[in-house]
Structure formats: C-alpha cells, structure tokens
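The values are calculated or read from the model by the stated rules, or taken from the named source; none is laboratory data. Note that the structure is predicted; figures quoted are calculated from it, not measured. Ideal geometry is used to build each Cβ from the backbone, glycine not excepted, and the neighbour counts take in all protein chains shown. Ligands, DNA and RNA are stripped out before the accessible areas are found, and what is left, the full protein with its side chains, is counted by its heavy atoms. Shrake-Rupley method; radii C 1.70, N 1.55, O 1.52, S 1.80 Å.
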Amino acid sequence: MENLYLNSMENKIILITGATSGIGRAVASRFASMGSKLILCGRRKEKLKILAQELGGSHQLLIFDVRDK
C-alpha cells in the first residue's frame, strides 16, 4: 500500500508555505522524497535556498509573507 501512495505523488506539483521551518520543512522533505515537484514559499530567501539544496532536484522558490498585516 505504501508504494502505491509514493508513486501517486511522483511529479505532482505541491505548494508549501512556511517551508523553511517546522511542519512546512518536514512536509517539504517528505514530498521531495516521494518525487514531487515543489514550490517552496517563505520569508527568508537564504533559508529557502539552503532547503532547496538539501532536498535536491529542481524546486521553485517564492519569497513572501502570507500573514495579514
């Protein structure tokens, strides 16, 4: 059953907000390990770059803050 789920996420595009820490980072790692294509969002450009390098592959980075101001 696990392999069926893993294969179903391969090459899917996933948008992750708050990707540089906590749950967002953990989710990014998990989806990257399943072969998903990620759009990683966060406020800190350097942390996003480091995460993208750690995950490998080709992921898009978006630097912005989704909080209401």
Take V66, V27 and sort them by solvent-accessible surface of the protein heavy atoms, 1.4 Å probe, largest at the top.
V66, V27
Roughly speaking, to the nearest percent, how much of the chain's 1.4 Å accessible area is carbon and sulfur?
54
Residues of region 10-62: accessible area per residue with a 1.4 Å probe, Å²
60
When Lys and Arg each count +1 and Asp and Glu each count -1, what net charge do the other residues less than 11 Å away from R43, Cβ to Cβ, add up to?
+2
Where the only charges are on Cβ atoms (+1 Lys, Arg; -1 Asp, Glu), what is the dipole of region 24-69 about its Cα centre, to the nearest 20 debye?
120
